[in-house]
Amino acid sequence: MQQKRHRTDASQSCAKRWLAKFIRDEDGALIILSLQIFILMMVCTGIAIDFVRVEDRRAVIQNTLDRAALAAASLSQDLEPEAVIDDYLAKAGLDYLDVDTTVEEGNFKEWRRVTIRATDRMPTLFGPLMGINELYTAGNSQATESIGNVEISLVLDISGSMNFNIYHDDDSRWNGVYPTRMDQLRPAALNFVEQMFDTVQPASAPAGRLSISVVPYNQQVTLGSRVGSVFSLSTEHTQNTCADVFKLPTSQIAISPSTTLQRTMYGDSFDYWGNNFSLVRTTSSGIMNCPNESFASVLAYGNDEQTIKDKISGLTPGGDTAIDVGARWGLALLDPAARPALTSMISQGWASNDLAGRPLDYDDGTKDVDDTAMKVMVLMTDGQNTRSYSTKTAYRTGDSGFVSTRNSSAFSTNSTDWDNLYYYVPSYYKPYYRMRDGAWLYSWQMPSQKYNITWQTIWGKGYTLQGFIDQFGGRAAGAAYGMSKTAIYDTMAEQSEFSTKDSALISLCEAAKDEDRNIVIFTVAVDAPDAGKEVLSECATAETYAYEVDALDLTEAFASIASAINSLRLTN
């Protein structure tokens, strides 16, 4: 018995030692923890995969809803908005979604707002491990297309180079009769006008939604009798309706009808030094400061499609290029400061009463759609800035300093007039300079009967500015004051040339694009040199708003601009 008890005690003691050793032994302790972590990682990874799946589906759903909303909101859409939305969802494989669509429209269908709300339920792959069987996602999209108000200035280059022919390697295309750039511009601009009326001023829309001003330009902008009469042009002559707006501050695009503008001097004040020029301007020997032809006049605030088309169809090329002057008037007609001019035109029956109150104020974010307008300038050229000239006001009216002992109109180079012509400098002790021989005479040596020659008389003879200086002014002022002919020209002429005009154009465009105005500027450079392309590109609202095309692609460019204007009126 004692031996058996000893064995039992020994067995118990061995078991206790083994158990104690097992408890102290740490081998394999991480296996359980690792299993637990592994299971947790699988669950988290699975849930992450489910979230990635649902986000991917959400992106597809949202993109599809956005496209469907934009298409359904389009006022040119013939299908019912709900049908358009169903078609977009079906083609994207999303016709299983729970969709709630709301369509709102104006009384005259001048605007449409489409709101889409969709709910998606996606079964999870790993979510059940945590009791999540489905993930929900919601998609919301809203699009509005409003006809709204659109004010456009169509600023078109009618300089002489627009009469250049377009040659093509494939002569059979033209049968030997090559069109000009103007031949290509007219249908392109006409198509643009048609698109604007179709999208902004359809028959179903209230009248007065669209106004288009056509601003032709070469070295100047001819306002024409109507527009010229509602702005304040100086009155020293009335032979044209151009203004020396290149003298105005380039940071200010507004031109108030109450502000007197220096009327461009008639005749030819161009700088011809170093080139052949004529004493008297002829058709072939000079360029008019202001052509003042009816085809070149501005059509301001047109809202009759046919009237606008007739203006475009009548455009005729000729002259130099002043893009800055064209842009200046294009922008001025969009600025609210010009409102009194339109009011006056309406009162005279020259513009529609449907446009009363235009140009509308700039949108400050607080105005209703009916009280604001998208303001757009389309600026086109086939060249680059060259020149604009005029004559300073002091040399337009009053005594010229020349006197004649014959009569008050005897001012010419013929021998009878020349022999009796003098230049008078009252401060000299011998104040009379005789033109025929350069002699200075005392007052007592002069005949008693003398006639003052006015500037009106001189320019009425048709003299070019440099012709006058070369034959008369240079001789007289040179003798009296020691001035060179070029110095006399610089004293008398108003000049705007090349880089000065480029800088002015850029400043005007920057002012127009300022956030307080947000005028949208599209530019079209047609077969233009690099200088023209560069300045127009800098003028445009964005790089994609600057078109550089050859004349054959003009219609496509203007159609693209029309589509872009329509797209800008869509809001998400």
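Coordinate-derived values only; no laboratory data. All of these numbers come straight from a predicted model, not from anything done at the bench. When we count neighbours, we look across all protein chains shown, and the Cβ atoms used for this are built from the backbone with ideal geometry, even at glycine.
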**Fill in**
The pairs in Lys311/Lys375; Lys367/Lys513; Lys247/Lys513; Lys247/Lys461; Lys392/Lys485; Lys392/Lys461 lying past 23 Å Cα-Cα in this model are Lys247/Lys461
**Prompt:** Any idea how far apart Asn140 and Ala203 come out in nm if each label point goes 7 Å out from Cα toward Cβ?
**Reply:** 4.0 nm
**Inter-label distance for Val60 and Lys430, nm, one decimal - labels placed 7 Å from Cα along Cα-to-Cβ** = 10.3 nm
**log₁₀ of I(q)/I(0) at q = 0.12, 0.18, 0.22, 0.23 Å⁻¹ - region 427-542, Debye sum with one point per alpha carbon** = -0.67, -0.98, -1.22, -1.27
**Item:** Sequence-distant residues sharing a close amide H with Val524 (under 5 Å, placed H)
**Value:** Leu379, Met380, Thr381, Tyr547
**Item:** Rounded FRET efficiency, nearest 0.05, which uses the C-beta distance separating Thr316 from Asp361 and R0 of 30 Å
**Value:** 0.25
**Item:** Size descriptor, Kirkwood hydrodynamic radius, that averages inverse alpha-carbon separations across region 264-381, Å
**Value:** 17.3 Å
**Request:** Could you calculate the FRET efficiency of Asp98 with Gln348 from 1/(1 + (r/R0)^6), where r is the beta carbon distance between them and R0 is 51 Å, rounded to 0.05?
**Result:** 0.25
**Request:** Could you run the Karplus curve 6.51 cos²θ - 1.76 cosθ + 1.60 with θ = phi - 60° over region 212-223 and give me ³J(HN,Hα) per residue in whole Hz, x for Gly and Pro?
**Result:** 10, 9, 9, 10, x, 8, 10, 7, 8, 10, 8, 5
**Asked** If you plug each phi of region 435-447 into the Karplus form 6.51 cos²θ - 1.76 cosθ + 1.60 with θ = phi - 60°, what whole-Hz ³J(HN,Hα) values come out, in order, with x for Gly and Pro?
**Response** 5, 5, 9, x, 7, 9, 10, 6, 4, 5, 7, 8, x
**Item:** Amide proton proximity set for Ala243, modelled H, under 5 Å, gap of 5+
**Value:** Val221, Thr264
**Length released on extending from Gln456 to Gln306, taking residue separation times 0.36 nm less the Cα-Cα span** = 49.9 nm
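Using the Cα atoms of region 378-440 to build a convex hull, what is its mean projected area in square nanometres? Mind showing how you got there, number by number?
Working: hull surface 32.5 nm².
That works out to 8.1 nm², a quarter of the Cα hull's surface.
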**Item:** Between region 184-216 and region 80-108, the Cα center-to-center distance that results, in Å
**Value:** 31 Å
**Message:** From the phi angles alone, apply the Karplus equation (6.51, -1.76, 1.60; θ = phi - 60°) to region 487-497 and give each ³J(HN,Hα) in whole Hz, x where the residue is Gly or Pro.
**Reply:** 5, 5, 4, 4, 6, 9, 8, 9, 10, 9, 9
**Complete:** Sorted by chain and then number, the residues having a modelled amide H within less than 5 Å of the amide H of Leu233, at least 5 places away or on another chain, are Leu261
**Net lengthening on full extension, Glu534/Glu510 (0.36 nm per residue, minus Cα-Cα)** = 7.2 nm
**Prompt:** What GluC sites (Glu not before Pro) does region 461-551 have in DSSP loop regions with at most 10 other beta carbons within 10 Å?
**Reply:** Glu515
**Message:** Show me the trypsin sites (Lys or Arg not before Pro) within region 396-487 that DSSP assigns to loop and that have at most 11 other Cβ atoms within 10 Å of their Cβ.
**Reply:** Arg436
**Fill in**
Thr544 and Ser499 label points (each 7 Å along its Cα→Cβ direction) are spaced in nm at 3.5 nm
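Computed FRET efficiency, Cβ-Cβ of Gln252 and Ser76, R0 56 Å: what is it to the nearest 0.05? All intermediate terms of the calculation are to be shown ahead of the outcome.
Details: r = 39 Å, r/R0 = 0.69.
Efficiency, rounded to the nearest 0.05: 0.90.
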